[in-house]
Amino acid sequence: MTKRRTFLALIAGTLSSSLLLAGCLGNPPSKTGAGAASGSAPQAAVNSQASSQLETSTISLGFVPILEAAPLVIGLEKGFFAKHGLDVKLSKQASWSAARDNVVLGASGGGIDGGQWQLPMPQMISEGAITNGKKVPMTILAMLMSQGNGIAAANSVKDGNLTYNLKASSPNFFTAFNQKEGRKFRAAYTFPKANQDIWIRYWLAAGGVNPNKDVELLTVPAPETLQGMKNGTMEAFSTGDPWPSRIAKDNVGYLAATTAQIWKVHPEEYLAVRSDWVDKHPKAAVALLKGLIEAQMWIDKPENKDEAAKILSSRKWYNVPLPVLQQSFKGQYKIGANGTPETDPKMGPLYWSSDRGVISYPYKSLTLWFLLESLRWKFYPGTVDTIQQAEAINNRVVRDDLWLKAAKELGLPATDIPTSPSRGKETFFDGTVYDPANPQAYLDSLKIKG
Ligand code: CA
């Protein structure tokens, strides 16, 4: 099914090193489960005329307070969901595992219908691989954001001068660290076997460091990020804004790499909803996508970034200092051990436009990549053991037809409507090429694997 499209050579060595990070975890979360809605009752009244055309006018979605959730919050606060007849209830999730447990419950059981996900969580929830065997089919509807994540390093390893390109900046650093400290370098993320784990593994392996042997990988709850880095719980943390920016701002550590440096316009987190909800409410699913797309287009406009930061930084939503989010949204980062200021919106979080086309459309070639990495590291034995299994799962879970319907109903220009489920070849900073038409060649090209 993969068909090549245009492909822009994005050689990482030439990337400017501005940065951004977003993505991993949240603030001290509110209780989730029954309700714990952080927000509903949007500023704009729900369009009852539009509602009357839908199978349902409500949906309950979970979110984690990082930049990836911005289109959900903005869609609610700026009335984009309401305009299309939907009363979206957003509830802050205490952790990724809480989100998983809540979607298994479903809104009818006091949980959620869907929301924001790291991949391949929706695919693995569908297969029962992270839910004790309970299969809850889910549907991936759209990508929420690209870039905006990164790897922060502690001040204790400033002398390592860690950058996105470890081979160039820090040869032999990890071996030397382990010998000197008498223990392994510790690298953390907030949820195993998904985005942040995958980013840190890609980064290390591309630098010749075996994440299974040369470092200790551990899960650290997001609220413990700053203190953990201060206390020496970990030397590196793979996460997303506002966390990396806060680590740098509080002078607890520095931004070693942004995910944009590793893979420009990479897939990040996604909107996915229980398939039983989507199958029962296809028109409402399209309405949800229309609101999401309009929210993503709105956030992407430079003139709206300050307002978006103001909304998200409020106590009601993320409760973080406004300047942190303002800078993140604009791609303003202090990169590297020396904290070199960089500003490049193209290296910051992307919600709609990019050099590789629209961000929102759920390219199957991109969602598949997370399953290929799962195969590479043997994350889900018994579920993802072959490329054929990965492709079959991917095809079951991604519904790009609903996105295309929403885009057409919104009257988007043809240039914003992808014509293939494949975005074509992808190139990483280290020169590795992922051609979705030949996943085996990609896997074969990787020297370090699980
Ligand atoms: Ca993320």
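The values are calculated or read from the model by the stated rules, or taken from the named source; none is laboratory data. The structure presented is a predicted model; accordingly, all values stated were derived computationally and were not measured. All Cβ positions, even for glycine, are placed from backbone atoms using ideal geometry, and neighbour counts span all protein chains on display.
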May I ask you to say which residue of ALA129, ALA142, ALA99 is under 22 Å from ASP300 (Cα atoms), touching a residue at least 24 places away in the same chain (Cβ under 8 Å) and aliphatic (A, V, I, L, M)?
ALA142
Within region 235-249, does at least one residue satisfy the condition of being under 30 Å from LYS134 (Cβ atoms), within 16 Å of the ligand (Cβ to nearest atom) and modelled with pLDDT under 90?
yes
Tell me yes or no: at least one residue of region 348-365 is among the aliphatic types (A, V, I, L, M), assigned to a helix (DSSP H, G or I) and buried (at least 23 other Cβ atoms within 10 Å of the Cβ).
no
Name every residue in region 401-435 that is in contact with a Phe, Trp or Tyr (Cβ under 7 Å, 6 or more places away or on another chain) and assigned to a helix (DSSP H, G or I), in order of residue number.
TRP403
Assess whether LYS290 counts as being in a helix (DSSP H, G or I) and not hydrophobic (A, V, I, L, M, F, W, C).
yes
Can LYS334 be described as in contact with a strand residue (DSSP E or B) (Cβ under 9 Å, 6 or more places away or on another chain) and either in a helix (DSSP H, G or I) or outside the structural domain of ALA257 (by TED's automatic domain parsing) (or both)?
yes
Report, ordered by the first and then the second residue, all pairs with beta carbons closer than 6 Å, sequence separation of six or more or different chains, a first member in region 371-393 that is assigned to a loop (DSSP other than H, G, I, E, B), and a second member that is surrounded by 13 or more Cβ atoms within 10 Å (Cβ to Cβ) and at pLDDT below 95.
TRP377/GLY450; LYS378/GLY450
Whichever residue in region 257-276 is away from the ligand (no atom under 14 Å from the Cβ) and not in a strand (DSSP E or B) and, among such residues, is surrounded by the fewest Cβ atoms within 10 Å (Cβ to Cβ)
ASP276
In the set GLY253, GLY207, GLY160, which member is closer than 25 Å to PRO341 by Cα, crowded, with 20+ Cβ neighbours inside 10 Å and touching a strand residue (DSSP E or B) at 6+ places or on another chain (Cβ under 6 Å)?
GLY253
For the condition farther than 29 Å from THR427 by Cα, among the basic types (Lys, Arg) and either within 16 Å of the ligand (Cβ to nearest atom) or over 19 Å from the mean Cα position of the chain (by Cα) (or both), what is the one hit in LYS301, LYS334, LYS310?
LYS310
For region 340-398, give me each residue that is among the charged types (D, E, K, R) and under 18 Å from the mean Cα position of the chain (by Cα).
LYS346, ARG356, LYS364, GLU373
Any idea which residue in region 170-197 is nearest to the ligand (Cβ to nearest atom), counting only those that are touching a helix residue (DSSP H, G or I) at 6+ places or on another chain (Cβ under 8 Å) and of a type in the set (Gly, Ala, Ser)?
ALA194
Do we find a residue being within 19 Å of GLY75 (Cα to Cα), crowded, with 18+ Cβ neighbours inside 10 Å, polar (S, T, N, Q) and in contact (Cβ under 8 Å) with a residue 60 or more places away in the chain anywhere in region 283-304?
yes
Those strands (runs of 3 or more DSSP E) lying entirely in region 54-123 with at least 2 residues within 16 Å of the ligand (Cβ to nearest atom):
58-63, 114-117
Taking region 149-166 and keeping only residues that are closer than 21 Å to THR432 by Cα and either within 16 Å of the ligand (Cβ to nearest atom) or in contact (Cβ under 8 Å) with a residue 60 or more places away in the chain (or both), one is left with ASN149, GLY150, ILE151, LEU162, THR163, TYR164, ASN165
Give me a count of the residues in region 128-183 that are part of a helix (DSSP H, G or I) and assigned by TED's automatic domain parsing to the domain that holds LEU72.
0
Looking only at region 210-223, count how many residues are of a type in the set (Asp, Glu) and surrounded by 17 or more Cβ atoms within 10 Å (Cβ to Cβ).
1
Residue under question is PRO211, and the condition is that it be more than 17 Å from the chain's Cα centre (by Cα), under 21 Å from PRO267 (Cβ atoms), more than 16 Å from the ligand (Cβ to nearest atom) and not assigned by TED's automatic domain parsing to the domain that holds GLN93; does it hold?
yes
